[in-house]
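Asks: Would you mind keeping the following structure in view while I ask a few things?
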Amino acid sequence: MAKGINGRNTRIVALGDVETRFVQHSSVAARGHIIVTSHLVNAQVCAGGRLVVGGEAGERGSIAGGRAWASAGIEAGQAGSATAEATLWASAPPQRPRRNCASSTRGSNSAGRISCASSAPSA
């Protein structure tokens, strides 16, 4: 997804890694790493591996609004914005990976299901 992911009803679910330029008003869940070269804006993002927001050569991207969760850590230059909705992010210790990133509805998780709806901690 070289150009980016955008759209309120857009959901991406991947069994491996996801690499894209940006994620805006969308949900992305991956069992592997999620690499975003520019920014997350009001996005729901859940990675079974690492979440990296920023380009090459040390450039760091931003997370503004939405929720971000990654099992193996989050790297970003900036998180939060005075003009965006609340920004929530969390990382679980690598030695205790979750079977599924989260459940999009309250209830049971099936073994192959990946979603981001409730992955961030409550404030």
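The values are calculated or read from the model by the stated rules, or taken from the named source; none is laboratory data. These figures come from a predicted structure and were not determined experimentally. Here Cβ is always computed from backbone atoms with ideal geometry, including for glycine, and neighbour counts include all displayed protein chains.
Asks: Look through region 1-15, keep the residues that are assigned to a loop (DSSP other than H, G, I, E, B) and either surrounded by 15 or more Cβ atoms within 10 Å (Cβ to Cβ) or not small (G, A, S) (or both), and return whichever of them is modelled with the lowest pLDDT.
Replies: Once the filter is applied, the top-ranked residue is M1.
Asks: Now a separate question. Is it the case that region 108-119 has a residue that's closer than 17 Å to G4 by Cβ and either touching a Leu at 6+ places or on another chain (Cβ under 9 Å) or modelled with pLDDT of 50 or more (or both)?
Replies: Looking through region 108-119, none of the residues is closer than 17 Å to G4 by Cβ and either touching a Leu at 6+ places or on another chain (Cβ under 9 Å) or modelled with pLDDT of 50 or more (or both).
Asks: Also, I was wondering about something else. Between G49, G65, which is out of contact with any helix residue (DSSP H, G or I) (no Cβ under 6 Å at 6 or more places or on another chain), in a strand (DSSP E or B) and of a type in the set (G, A, S)? Before the answer, list the steps.
Replies: On the way: G49 fails: in a strand (DSSP E or B).
From the options G49, G65, the qualifying one is G65.
Asks: Let me ask something else. Which of the residues belonging to region 30-44 are of a type outside the set (S, T, N, Q), closer than 17 Å to A14 by Cβ and free of Cβ contacts under 8 Å to residues at least 60 places away in the same chain?
Replies: G32, H33, I34, I35, V36, L40, A43 - these are the residues of region 30-44 that are of a type outside the set (S, T, N, Q), closer than 17 Å to A14 by Cβ and free of Cβ contacts under 8 Å to residues at least 60 places away in the same chain.
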